[in-house]
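All remarks here apply to the structure that follows.
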Amino acid sequence: MTRINVTVDGVSNADDVEPRMLLVHYLREVVGKVGTVVGCDTSNCGACTVHLDGRSVKSCNVLAVQADGHEVTTIEGLATNGELHPMQTAFHENHALQCGYCTPGMIMQAVDLLRENPDPTEEEIRVGLEGNLCRCTGYHNIVKAVAAAAGSMSSERSNA
């Protein structure tokens, strides 16, 4: 067992883990953040995407011990004071989900995309989401939601 210290959604956690435990399993089974889903376990689908020190990573491709001393944000950590993150709101308002399985990872990737490119074109959104798969929607409403969130987040920055 290896002792790790990880801040998850603003809360410090100190836990003993098997050195081979994946971050996705640590988040779900030890910390209780079940919004981060296990999709393919091969890093192909992106359903398990979280932010590690503010950058999106596929948590099925990161060992929990690699997160030692770092900060992880999950889908549960995006909301602030009970208010949904603008990306979460945009997904809801634009019906950007069907079964919802890919949604947490898709939202986390989209937030990172807008961090890097606050005003992306439709093509840039599609390219930015390439590593996250949705088997239900055909992506139209997902792209629409990311564009809407970019607009609302841009307005918030302008008003700040």
Item to complete: Tell me which residues, restricted to the range 108-139, are in contact (Cβ under 8 Å) with a residue 24 or more places away in the chain, among the polar types (S, T, N, Q) and either loosely packed, with under 14 Cβ neighbours inside 10 Å or in contact with a Cys (Cβ under 6 Å, 6 or more places away or on another chain) (or both).
Response: none
Practice prompt. Select from the range 87-100 the residues that are buried (at least 18 other Cβ atoms within 10 Å of the Cβ) and in contact (Cβ under 8 Å) with a residue 40 or more places away in the chain and write down the one among them that is farthest from Val11 (Cα to Cα).
Written response: Asn94
Item to complete: Please specify each residue of the range 11-39 satisfying the condition of being under 19 Å from the mean Cα position of the chain (by Cα) and among the aliphatic types (A, V, I, L, M).
Response: Val11, Leu22, Leu23, Val24, Leu27, Val30, Val31, Val34, Val37, Val38
Worksheet item: Mind checking which pairs have a first residue in the range 140-157 that is at pLDDT below 95 and a second that is surrounded by fewer than 19 Cβ atoms within 10 Å (Cβ to Cβ), Cβ under 8 Å, 6 or more apart or different chains?
Response: Ser152/Thr89; Met153/Pro118; Ser154/Pro118; Ser154/Asp119; Arg157/Pro118
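Every residue, every condition in (1) in the same structural domain as Tyr139 (by TED's automatic domain parsing); (2) touching a His at 6+ places or on another chain (Cβ under 6 Å); (3) at pLDDT 95 or above; (4) under 30 Å from Ile4 (Cα atoms), yes or no:
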{"residue": "Val50", "(1), (2), (3), (4)": "no, no, yes, yes"}
{"residue": "Arg55", "(1), (2), (3), (4)": "no, no, yes, yes"}
{"residue": "Cys60", "(1), (2), (3), (4)": "no, no, yes, yes"}
{"residue": "Asp68", "(1), (2), (3), (4)": "no, no, yes, yes"}
{"residue": "Glu93", "(1), (2), (3), (4)": "yes, no, yes, no"}
{"residue": "Gly100", "(1), (2), (3), (4)": "yes, no, no, no"}
Worksheet item: Name the residues in the range 16-58 that are small (Gly, Ala, Ser), surrounded by 19 or more Cβ atoms within 10 Å (Cβ to Cβ) and closer than 19 Å to Arg115 by Cβ, would you?
Response: Gly46, Ser56
Practice prompt. Would you check which residues across the range 23-72 are touching a residue at least 12 places away in the same chain (Cβ under 8 Å) and acidic (Asp, Glu) and list them?
Written response: Asp41, Asp53, Asp68, Glu71
Practice prompt. Kindly list the number of the only condition in (1) of a type outside the set (D, E, K, R); (2) surrounded by fewer than 19 Cβ atoms within 10 Å (Cβ to Cβ); (3) touching a Leu at 6+ places or on another chain (Cβ under 7 Å) that fails for Asn13.
Written response: (3)
Practice prompt. Hey, could you check the range 73-86 for residues that are without any contact (Cβ under 8 Å) to a residue 40 or more places away in the chain and of a type in the set (Gly, Ala, Ser) and say which is farthest from Thr103 (Cα to Cα)?
Written response: Gly82
Fill in: Gly105 vs. criteria within 17 Å of the chain's Cα centre (by Cα), within 23 Å of Gly35 (Cα to Cα) and either surrounded by fewer than 17 Cβ atoms within 10 Å (Cβ to Cβ) or at pLDDT below 95 (or both)
no
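The values are calculated or read from the model by the stated rules, or taken from the named source; none is laboratory data. Computed from a predicted structure; not experimentally measured. Glycine also receives a Cβ, built like all others from the backbone with ideal geometry; neighbour counts cover every protein chain displayed.
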